[in-house]
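Some notes on the structure that comes next.
Derivation of every value follows stated rules applied to the coordinates shown; laboratory data play no part. Here the structure is a predicted model, which is why all the values come from computation and not from measurement. Note that each Cβ is placed from the backbone with ideal geometry, even for glycine, and that neighbours are counted across all protein chains shown.
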Amino acid sequence: MRSRYTAFHQGNVDYLITTLHPNQRKPDDQQELAKSISDTQWLGLKIIDTHQGKKKDTKGIVEFEAVYHLNKPGQLHERSRFVQTQGKWFYVDGDILPGTIPKPKEPCWCKNGMQYKQCHGI
């Protein structure tokens, strides 16, 4: 999961396609990912929970929140499913979950250094 986030952050489209399960790939993935990456600034990743996904497992689940800026700050909260085939992990799909809301005096999730209540908690 962290490596895919890093690939989104760095714009490594080839890696994102390589780590996408072959059954999930589409002919226009290269173009769609390149456009998404060029429009999005990724600001941070927080792993919330994991289930399986160890070296000897064949599947795993990662729940995470990623903060981004796309015209305005946003948050992606997802529970992602991965499978391991021949020693390589592939992203299969994920369920989008509601974002979490920080407490008023906690740092804002957009990572601007302000408290949530002074920023997006208004």
### Message
List the residue pairs whose Cβ atoms are under 6 Å apart, where the first residue sits in segment 10-23 and is assigned to a strand (DSSP E or B), the second is surrounded by 15 or more Cβ atoms within 10 Å (Cβ to Cβ) and not basic (Lys, Arg), and the two are 6 or more positions apart or on different chains.
### Response
LEU20/TYR91
### Failed item, numbered, when HIS120 is tested on (1) more than 26 Å from TYR15 (Cα to Cα); (2) free of Cβ contacts under 8 Å to residues at least 40 places away in the same chain
(2)
### Query
Got a number for residues in segment 70-89 being within 22 Å of LYS35 (Cα to Cα), in contact (Cβ under 8 Å) with a residue 24 or more places away in the chain and among the hydrophobic types (A, V, I, L, M, F, W, C)?
1
### Task
Would you point out the residue of segment 46-60, among those that are touching a Gly at 6+ places or on another chain (Cβ under 6 Å) and assigned to a strand (DSSP E or B), that is nearest to ASP93 (Cα to Cα)?
GLY60
### Task
Read through the list (1) within 30 Å of GLN118 (Cα to Cα); (2) out of contact with any His (no Cβ under 8 Å at 6 or more places or on another chain); (3) of a type outside the set (Val, Ile, Thr); (4) surrounded by 13 or more Cβ atoms within 10 Å (Cβ to Cβ), then give the number of the only condition that LEU43 fails.
(2)
### Selection from segment 11-29 of residues that are more than 19 Å from GLU78 (Cα to Cα) and either touching a Lys or Arg at 6+ places or on another chain (Cβ under 8 Å) or surrounded by 14 or more Cβ atoms within 10 Å (Cβ to Cβ) (or both)
GLY11, ASN12, VAL13, TYR15, ASP29
### Message
I need the full set of residues from segment 61-114 which are of a type in the set (D, E, K, R) and in a loop (DSSP other than H, G, I, E, B), in order please.
### Response
LYS103, LYS105, GLU106, LYS111
